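Working notes, beginning with the structure itself.
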Amino acid sequence: MKKMKIKSKLPQTETSIFAVMSGLANEYNAINLSQGFPDFPVSRELISLVNKYMLEEKNQYAPMPGVPELRQSLSSKIKLLYNKEINPNKEITVTAGATQALFTAITAFVNKGDEVILFEPAYDSYVPSIKINGGVPVFIELTKPAFEIDWNLVRQKITSKTKMIIINSPNNPGGYVLSESDMKTLNELIRNTEIIVLSDEVYEHIIFDGLQHQSVIKFDELYQRSIAVYSFGKTFHATGWKTGYVVAPPLLTEEFRKVHQFNVFSVNTPIQYALAEYLQNPDNYLNLPEFYQQKRDFFLQAIEGSKFKVIPSHGTYFQVLDYSEISDLPEFEFAVWMTKEKGLASIPLSSFYHNKRNQQLLRFAFPKQEETLLKAAEILKTI
(Lines give C-alpha, C1' and ligand atoms only; values in the text may rest on other atoms or scores of the structure.)
Protein backbone atom coordinates (compact mmCIF):
# COMPACT_ATOMS: atom_id res chain seq x y z
CA MET A 1 0.00 0.00 0.00
CA LYS A 2 1.27 3.45 -0.90
CA LYS A 3 2.19 5.49 2.14
CA MET A 4 -0.09 8.46 2.69
CA LYS A 5 1.52 11.89 2.51
CA ILE A 6 0.16 14.68 4.68
CA LYS A 7 0.88 18.32 3.95
CA SER A 8 0.71 19.85 7.38
CA LYS A 9 -0.78 23.29 7.84
CA LEU A 10 1.41 23.69 10.93
CA PRO A 11 4.61 21.83 10.03
CA GLN A 12 6.73 23.46 12.75
CA THR A 13 4.23 22.96 15.55
CA GLU A 14 5.25 20.59 18.33
CA THR A 15 3.43 19.28 21.39
CA SER A 16 2.35 22.15 23.64
CA ILE A 17 4.87 23.05 26.31
CA PHE A 18 2.02 22.86 28.84
CA ALA A 19 1.39 19.23 27.97
CA VAL A 20 5.12 18.49 28.04
CA MET A 21 5.76 20.01 31.46
CA SER A 22 2.56 18.66 33.02
CA GLY A 23 3.48 15.23 31.66
CA LEU A 24 6.90 15.48 33.26
CA ALA A 25 5.34 16.65 36.52
CA ASN A 26 3.12 13.57 36.56
CA GLU A 27 5.97 11.24 35.60
CA TYR A 28 8.29 12.54 38.34
CA ASN A 29 5.56 13.24 40.90
CA ALA A 30 6.57 16.91 40.93
CA ILE A 31 4.63 19.88 42.24
CA ASN A 32 2.95 21.28 39.14
CA LEU A 33 3.20 25.07 38.94
CA SER A 34 3.44 24.89 35.16
CA GLN A 35 -0.11 24.72 33.82
CA GLY A 36 -2.48 27.41 34.99
CA PHE A 37 -5.22 25.59 36.85
CA PRO A 38 -6.28 25.82 40.52
CA ASP A 39 -5.83 22.97 42.97
CA PHE A 40 -8.69 24.22 45.16
CA PRO A 41 -12.40 23.50 44.62
CA VAL A 42 -14.94 25.36 42.53
CA SER A 43 -17.65 27.18 44.49
CA ARG A 44 -20.10 24.67 45.98
CA GLU A 45 -22.90 27.11 45.19
CA LEU A 46 -21.95 27.17 41.51
CA ILE A 47 -21.68 23.38 41.39
CA SER A 48 -25.14 23.12 42.97
CA LEU A 49 -26.55 25.51 40.37
CA VAL A 50 -25.21 23.37 37.53
CA ASN A 51 -26.83 20.32 39.11
CA LYS A 52 -30.06 22.26 39.62
CA TYR A 53 -30.34 23.12 35.95
CA MET A 54 -29.43 19.60 34.89
CA LEU A 55 -32.29 18.30 37.03
CA GLU A 56 -34.56 20.94 35.49
CA GLU A 57 -33.82 19.34 32.11
CA LYS A 58 -31.74 22.21 30.74
CA ASN A 59 -29.68 19.63 28.88
CA GLN A 60 -30.40 20.17 25.19
CA TYR A 61 -28.74 22.49 22.68
CA ALA A 62 -28.48 26.10 23.76
CA PRO A 63 -29.12 28.89 21.25
CA MET A 64 -26.09 29.53 19.05
CA PRO A 65 -25.18 32.90 20.68
CA GLY A 66 -25.73 31.53 24.19
CA VAL A 67 -28.75 31.31 26.48
CA PRO A 68 -30.50 34.70 26.79
CA GLU A 69 -30.33 34.67 30.60
CA LEU A 70 -26.53 34.43 30.57
CA ARG A 71 -26.11 37.12 27.94
CA GLN A 72 -28.36 39.40 29.97
CA SER A 73 -26.36 38.75 33.14
CA LEU A 74 -23.18 39.56 31.24
CA SER A 75 -24.67 42.77 29.92
CA SER A 76 -25.49 43.80 33.49
CA LYS A 77 -21.98 42.89 34.63
CA ILE A 78 -20.42 45.03 31.88
CA LYS A 79 -22.66 47.96 32.85
CA LEU A 80 -21.52 47.63 36.47
CA LEU A 81 -17.81 47.32 35.63
CA TYR A 82 -17.38 49.60 32.65
CA ASN A 83 -20.51 51.78 32.61
CA LYS A 84 -21.21 50.61 29.08
CA GLU A 85 -24.58 49.59 27.64
CA ILE A 86 -24.07 46.34 25.70
CA ASN A 87 -26.88 44.75 23.71
CA PRO A 88 -27.05 41.13 24.92
CA ASN A 89 -28.59 39.95 21.65
CA LYS A 90 -26.28 41.70 19.20
CA GLU A 91 -22.97 42.08 21.05
CA ILE A 92 -22.40 39.02 23.29
CA THR A 93 -21.63 35.47 22.17
CA VAL A 94 -20.97 32.56 24.55
CA THR A 95 -18.06 30.34 23.47
CA ALA A 96 -16.47 27.01 24.31
CA GLY A 97 -13.69 28.70 26.23
CA ALA A 98 -11.45 31.63 25.39
CA THR A 99 -9.09 29.73 23.07
CA GLN A 100 -12.02 28.79 20.80
CA ALA A 101 -13.09 32.42 20.86
CA LEU A 102 -9.62 33.60 19.86
CA PHE A 103 -9.40 31.05 17.04
CA THR A 104 -12.87 31.91 15.78
CA ALA A 105 -12.14 35.65 15.80
CA ILE A 106 -8.91 35.19 13.85
CA THR A 107 -10.62 32.84 11.39
CA ALA A 108 -13.49 35.28 10.85
CA PHE A 109 -11.32 38.27 9.96
CA VAL A 110 -7.81 37.20 8.90
CA ASN A 111 -7.33 36.23 5.25
CA LYS A 112 -4.31 34.95 3.35
CA GLY A 113 -1.51 37.50 3.42
CA ASP A 114 -3.05 39.65 6.15
CA GLU A 115 -0.59 40.79 8.82
CA VAL A 116 -1.38 40.40 12.51
CA ILE A 117 0.69 42.31 15.07
CA LEU A 118 1.23 40.58 18.40
CA PHE A 119 3.43 41.19 21.41
CA GLU A 120 5.90 38.68 22.81
CA PRO A 121 5.96 36.94 25.17
CA ALA A 122 2.57 35.85 23.84
CA TYR A 123 0.02 33.15 24.66
CA ASP A 124 0.87 30.16 22.50
CA SER A 125 -2.44 29.83 20.59
CA TYR A 126 -2.15 33.14 18.74
CA VAL A 127 0.49 32.28 16.15
CA PRO A 128 -0.89 28.86 15.06
CA SER A 129 -4.36 30.41 14.70
CA ILE A 130 -2.93 33.15 12.49
CA LYS A 131 -0.88 30.78 10.35
CA ILE A 132 -3.62 28.21 9.82
CA ASN A 133 -5.73 31.01 8.31
CA GLY A 134 -2.96 32.15 5.99
CA GLY A 135 -2.10 35.23 8.03
CA VAL A 136 1.38 36.57 8.70
CA PRO A 137 2.35 37.15 12.35
CA VAL A 138 4.32 40.33 12.98
CA PHE A 139 6.22 40.12 16.25
CA ILE A 140 6.98 42.99 18.62
CA GLU A 141 9.01 42.17 21.71
CA LEU A 142 7.98 43.82 24.95
CA THR A 143 10.62 45.81 26.80
CA LYS A 144 11.78 44.43 30.13
CA PRO A 145 11.72 44.19 33.08
CA ALA A 146 8.19 45.63 33.07
CA PHE A 147 7.14 44.04 29.73
CA GLU A 148 5.99 47.37 28.31
CA ILE A 149 4.83 48.09 24.74
CA ASP A 150 7.00 50.39 22.60
CA TRP A 151 4.22 52.19 20.72
CA ASN A 152 6.69 53.92 18.38
CA LEU A 153 7.75 50.46 17.21
CA VAL A 154 4.09 49.49 16.74
CA ARG A 155 3.60 52.56 14.57
CA GLN A 156 6.56 51.47 12.41
CA LYS A 157 5.19 47.94 12.04
CA ILE A 158 1.74 48.96 10.83
CA THR A 159 1.43 48.58 7.06
CA SER A 160 -1.33 48.50 4.46
CA LYS A 161 -1.50 44.73 5.10
CA THR A 162 -2.10 45.02 8.85
CA LYS A 163 -5.51 43.47 9.57
CA MET A 164 -5.40 42.86 13.30
CA ILE A 165 -3.52 43.75 16.50
CA ILE A 166 -3.72 41.28 19.39
CA ILE A 167 -3.40 42.64 22.91
CA ASN A 168 -3.52 40.70 26.18
CA SER A 169 -4.01 42.47 29.50
CA PRO A 170 -3.46 41.39 32.20
CA ASN A 171 -0.80 39.50 30.27
CA ASN A 172 0.02 35.81 30.33
CA PRO A 173 2.91 35.16 30.93
CA GLY A 174 4.42 38.57 31.70
CA GLY A 175 1.94 39.78 34.30
CA TYR A 176 1.91 43.31 32.91
CA VAL A 177 -1.23 45.46 32.79
CA LEU A 178 -1.99 47.97 30.05
CA SER A 179 -2.70 51.51 31.23
CA GLU A 180 -5.34 54.00 30.14
CA SER A 181 -2.58 55.80 28.25
CA ASP A 182 -1.71 52.57 26.40
CA MET A 183 -5.31 52.14 25.28
CA LYS A 184 -5.63 55.73 24.11
CA THR A 185 -2.39 55.43 22.15
CA LEU A 186 -3.63 52.24 20.51
CA ASN A 187 -6.86 53.98 19.55
CA GLU A 188 -4.93 56.85 17.96
CA LEU A 189 -2.75 54.45 15.99
CA ILE A 190 -5.64 52.60 14.37
CA ARG A 191 -7.97 55.56 13.88
CA ASN A 192 -9.09 55.83 10.24
CA THR A 193 -7.77 52.35 9.43
CA GLU A 194 -9.45 48.97 8.87
CA ILE A 195 -7.45 47.33 11.68
CA ILE A 196 -9.34 45.16 14.17
CA VAL A 197 -8.18 44.80 17.78
CA LEU A 198 -8.46 41.34 19.32
CA SER A 199 -8.32 41.94 23.06
CA ASP A 200 -7.59 38.88 25.22
CA GLU A 201 -9.01 39.89 28.62
CA VAL A 202 -9.43 36.52 30.29
CA TYR A 203 -7.72 37.73 33.48
CA GLU A 204 -9.83 40.90 33.79
CA HIS A 205 -10.65 40.15 37.43
CA ILE A 206 -7.18 38.98 38.46
CA ILE A 207 -5.41 42.30 38.79
CA PHE A 208 -3.35 43.63 41.69
CA ASP A 209 -1.78 46.60 43.45
CA GLY A 210 -4.81 48.85 43.10
CA LEU A 211 -4.65 48.85 39.30
CA GLN A 212 -7.80 48.97 37.18
CA HIS A 213 -8.43 46.78 34.16
CA GLN A 214 -8.54 48.90 31.02
CA SER A 215 -10.94 46.95 28.83
CA VAL A 216 -11.42 47.97 25.20
CA ILE A 217 -15.10 48.16 26.14
CA LYS A 218 -14.40 51.30 28.20
CA PHE A 219 -13.21 53.28 25.18
CA ASP A 220 -16.13 54.03 22.84
CA GLU A 221 -14.17 54.66 19.64
CA LEU A 222 -11.76 51.78 20.23
CA TYR A 223 -14.58 49.36 21.05
CA GLN A 224 -16.18 49.92 17.65
CA ARG A 225 -13.28 48.04 16.03
CA SER A 226 -12.54 45.56 18.84
CA ILE A 227 -13.36 42.00 19.89
CA ALA A 228 -12.95 41.32 23.62
CA VAL A 229 -12.49 37.73 24.84
CA TYR A 230 -13.25 36.43 28.35
CA SER A 231 -13.08 33.17 30.32
CA PHE A 232 -15.39 31.84 33.01
CA GLY A 233 -12.85 29.11 33.66
CA LYS A 234 -10.23 31.62 34.81
CA THR A 235 -12.72 33.69 36.77
CA PHE A 236 -14.49 30.88 38.62
CA HIS A 237 -11.65 28.33 38.98
CA ALA A 238 -13.28 25.91 36.54
CA THR A 239 -10.84 25.65 33.65
CA GLY A 240 -12.18 22.24 32.66
CA TRP A 241 -15.60 23.66 31.85
CA LYS A 242 -14.14 25.45 28.80
CA THR A 243 -16.74 28.21 28.79
CA GLY A 244 -16.10 31.82 27.80
CA TYR A 245 -17.63 34.66 25.87
CA VAL A 246 -16.94 37.41 23.36
CA VAL A 247 -18.10 41.02 23.41
CA ALA A 248 -17.98 42.98 20.15
CA PRO A 249 -20.03 45.62 18.32
CA PRO A 250 -22.87 44.28 16.13
CA LEU A 251 -20.94 44.44 12.84
CA LEU A 252 -18.05 42.36 14.18
CA THR A 253 -20.34 40.06 16.19
CA GLU A 254 -22.27 39.21 13.04
CA GLU A 255 -19.11 38.04 11.28
CA PHE A 256 -17.81 36.26 14.38
CA ARG A 257 -21.02 34.24 14.68
CA LYS A 258 -20.85 33.16 11.03
CA VAL A 259 -17.73 31.15 11.91
CA HIS A 260 -18.77 30.30 15.48
CA GLN A 261 -21.94 28.52 14.34
CA PHE A 262 -19.96 26.06 12.23
CA ASN A 263 -17.03 25.78 14.60
CA VAL A 264 -18.94 25.02 17.81
CA PHE A 265 -22.53 26.19 17.31
CA SER A 266 -23.57 26.00 20.97
CA VAL A 267 -22.03 25.65 24.41
CA ASN A 268 -22.82 23.54 27.49
CA THR A 269 -26.40 24.41 28.41
CA PRO A 270 -26.75 23.75 32.19
CA ILE A 271 -23.44 25.50 32.87
CA GLN A 272 -24.71 28.58 31.04
CA TYR A 273 -27.87 28.73 33.14
CA ALA A 274 -25.84 28.23 36.31
CA LEU A 275 -23.43 31.03 35.40
CA ALA A 276 -26.33 33.34 34.57
CA GLU A 277 -27.69 32.99 38.10
CA TYR A 278 -24.27 33.00 39.80
CA LEU A 279 -23.30 36.29 38.11
CA GLN A 280 -26.27 38.04 39.70
CA ASN A 281 -24.16 38.38 42.86
CA PRO A 282 -21.25 40.71 41.92
CA ASP A 283 -19.28 39.60 45.00
CA ASN A 284 -18.64 36.33 43.18
CA TYR A 285 -16.17 38.13 40.91
CA LEU A 286 -15.41 41.49 42.55
CA ASN A 287 -13.45 39.84 45.37
CA LEU A 288 -11.04 38.03 43.03
CA PRO A 289 -8.29 40.70 42.94
CA GLU A 290 -7.81 40.52 46.71
CA PHE A 291 -8.07 36.72 46.70
CA TYR A 292 -5.32 36.22 44.13
CA GLN A 293 -3.09 39.07 45.32
CA GLN A 294 -2.93 37.32 48.68
CA LYS A 295 -1.74 34.18 46.90
CA ARG A 296 0.86 36.09 44.89
CA ASP A 297 2.16 37.85 48.00
CA PHE A 298 2.21 34.62 50.00
CA PHE A 299 4.29 32.93 47.29
CA LEU A 300 6.72 35.84 47.02
CA GLN A 301 7.17 36.04 50.79
CA ALA A 302 7.74 32.30 50.91
CA ILE A 303 10.60 32.44 48.36
CA GLU A 304 12.40 35.32 50.06
CA GLY A 305 16.03 34.36 50.52
CA SER A 306 16.17 32.29 47.33
CA LYS A 307 18.51 33.14 44.45
CA PHE A 308 15.58 33.69 42.09
CA LYS A 309 14.90 37.31 41.11
CA VAL A 310 11.27 38.44 40.93
CA ILE A 311 9.85 40.03 37.76
CA PRO A 312 6.87 42.16 38.93
CA SER A 313 3.46 40.62 38.22
CA HIS A 314 0.52 43.02 38.41
CA GLY A 315 -2.09 40.63 37.06
CA THR A 316 -2.95 37.02 36.06
CA TYR A 317 -2.10 34.15 38.39
CA PHE A 318 1.44 33.72 37.06
CA GLN A 319 4.75 34.83 38.48
CA VAL A 320 7.93 35.09 36.38
CA LEU A 321 11.24 34.38 38.13
CA ASP A 322 14.77 35.04 36.86
CA TYR A 323 17.31 32.27 37.56
CA SER A 324 20.33 33.99 35.95
CA GLU A 325 22.25 33.96 39.25
CA ILE A 326 21.78 30.20 39.53
CA SER A 327 22.49 28.61 36.14
CA ASP A 328 23.53 29.27 32.54
CA LEU A 329 21.32 26.47 31.24
CA PRO A 330 18.72 27.43 28.59
CA GLU A 331 15.23 27.79 29.96
CA PHE A 332 13.76 24.53 28.70
CA GLU A 333 16.73 22.51 29.95
CA PHE A 334 16.64 24.20 33.34
CA ALA A 335 12.87 23.69 33.66
CA VAL A 336 13.24 19.98 32.81
CA TRP A 337 16.15 19.61 35.25
CA MET A 338 14.18 21.28 38.04
CA THR A 339 11.18 19.03 37.41
CA LYS A 340 13.19 15.81 37.35
CA GLU A 341 15.77 16.58 40.02
CA LYS A 342 13.97 18.96 42.37
CA GLY A 343 10.34 17.95 41.93
CA LEU A 344 8.94 21.30 40.80
CA ALA A 345 7.48 22.00 37.34
CA SER A 346 7.34 25.43 35.68
CA ILE A 347 7.12 26.83 32.15
CA PRO A 348 10.16 28.26 30.30
CA LEU A 349 9.34 31.76 29.08
CA SER A 350 11.11 30.96 25.80
CA SER A 351 7.98 28.96 24.86
CA PHE A 352 6.12 32.25 24.50
CA TYR A 353 8.53 33.57 21.83
CA HIS A 354 8.55 32.53 18.16
CA ASN A 355 12.35 32.34 18.17
CA LYS A 356 12.48 30.50 21.53
CA ARG A 357 14.54 33.31 22.98
CA ASN A 358 16.34 32.38 26.21
CA GLN A 359 16.46 34.98 28.99
CA GLN A 360 16.74 32.59 31.96
CA LEU A 361 13.14 33.21 32.97
CA LEU A 362 10.53 30.73 34.20
CA ARG A 363 6.79 31.15 34.73
CA PHE A 364 5.16 29.73 37.86
CA ALA A 365 1.39 29.41 38.38
CA PHE A 366 0.21 30.36 41.87
CA PRO A 367 -3.56 29.55 41.85
CA LYS A 368 -2.81 26.93 44.46
CA GLN A 369 -3.47 26.19 48.10
CA GLU A 370 -0.97 27.73 50.51
CA GLU A 371 0.36 24.29 51.40
CA THR A 372 1.26 23.69 47.75
CA LEU A 373 2.90 27.10 47.38
CA LEU A 374 4.89 26.63 50.57
CA LYS A 375 6.26 23.28 49.39
CA ALA A 376 7.22 24.84 46.06
CA ALA A 377 8.93 27.76 47.80
CA GLU A 378 10.95 25.41 49.99
CA ILE A 379 12.27 23.71 46.85
CA LEU A 380 13.12 27.05 45.19
CA LYS A 381 15.14 28.13 48.24
CA THR A 382 17.30 25.01 47.97
CA ILE A 383 18.34 25.69 44.36
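The values are calculated or read from the model by the stated rules, or taken from the named source; none is laboratory data. For clarity, every value in this text was computed on a predicted model and none was experimentally measured. Here Cβ is always computed from backbone atoms with ideal geometry, including for glycine, and neighbour counts include all displayed protein chains.
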When residues of segment 17-52 are limited to those that are in contact with a strand residue (DSSP E or B) (Cβ under 9 Å, 6 or more places away or on another chain) and of a type in the set (V, I, T), the one farthest from T372 (Cα to Cα): I17
Members of segment 328-382 found to be touching an Asp or Glu at 6+ places or on another chain (Cβ under 8 Å), in contact (Cβ under 8 Å) with a residue 24 or more places away in the chain and among the polar types (S, T, N, Q), listed by number: S351, N358, Q359, Q360, Q369, T372
Where V267 falls short, out of the listed (1) in contact (Cβ under 8 Å) with a residue 12 or more places away in the chain; (2) out of contact with any Gly (no Cβ under 9 Å at 6 or more places or on another chain): (2)
Condition broken by A274, with the remaining ones in (1) surrounded by 15 or more Cβ atoms within 10 Å (Cβ to Cβ); (2) not assigned by TED's automatic domain parsing to the domain that holds N171 satisfied: (2)
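Here's a check for you: in segment 105-163, which residue that is among the hydroxyl-bearing types (S, T, Y) and surrounded by 15 or more Cβ atoms within 10 Å (Cβ to Cβ) is farthest from L252 (Cα to Cα)?
Step one: of segment 105-163, the residues among the hydroxyl-bearing types (S, T, Y) are 107, 123, 125-126, 129, 143, 159-160, 162.
If we keep only those that are surrounded by 15 or more Cβ atoms within 10 Å (Cβ to Cβ) too, we end up with 107, 123, 125-126, 129, 162.
Details: T107: 12, Y123: 23, S125: 21, Y126: 19, S129: 18, T162: 17 Å.
Restricting to residues being among the hydroxyl-bearing types (S, T, Y) and surrounded by 15 or more Cβ atoms within 10 Å (Cβ to Cβ), the top hit is Y123.
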Residue within segment 220-229 that is within 30 Å of Q294 (Cα to Cα) and either at pLDDT 95 or above or within 19 Å of the chain's Cα centre (by Cα) (or both) present: yes
Filtered residue count, segment 118-169, keeping only those that are at negative phi and in a loop (DSSP other than H, G, I, E, B): 18
Helices (runs of 4 or more DSSP H) wholly inside segment 267-383 that include at least 1 residues being under 19 Å from F208 (Cβ atoms) and aromatic (F, W, Y): 283-286, 288-302
From S8, S48, residue being over 25 Å from W241 (Cα atoms), among the small types (G, A, S) and free of Cβ contacts under 8 Å to residues at least 40 places away in the same chain: S8
Failed item, numbered, when M21 is tested on (1) in a loop (DSSP other than H, G, I, E, B); (2) in contact (Cβ under 8 Å) with a residue 12 or more places away in the chain; (3) not aromatic (F, W, Y): (1)
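Name the single residue, out of those in segment 217-255 being of a type outside the set (A, V, I, L, M) and part of a strand (DSSP E or B), that is farthest from L275 (Cα to Cα).
The initial filter retains those residues of segment 217-255 that are of a type outside the set (A, V, I, L, M), namely 218-221, 223-226, 230-237, 239-245, 249-250, 253-255.
Adding the requirement that they be part of a strand (DSSP E or B) leaves 226, 230-231, 244-245.
On the way: S226: 25, Y230: 14, S231: 12, G244: 11, Y245: 12 Å.
That would be S226.
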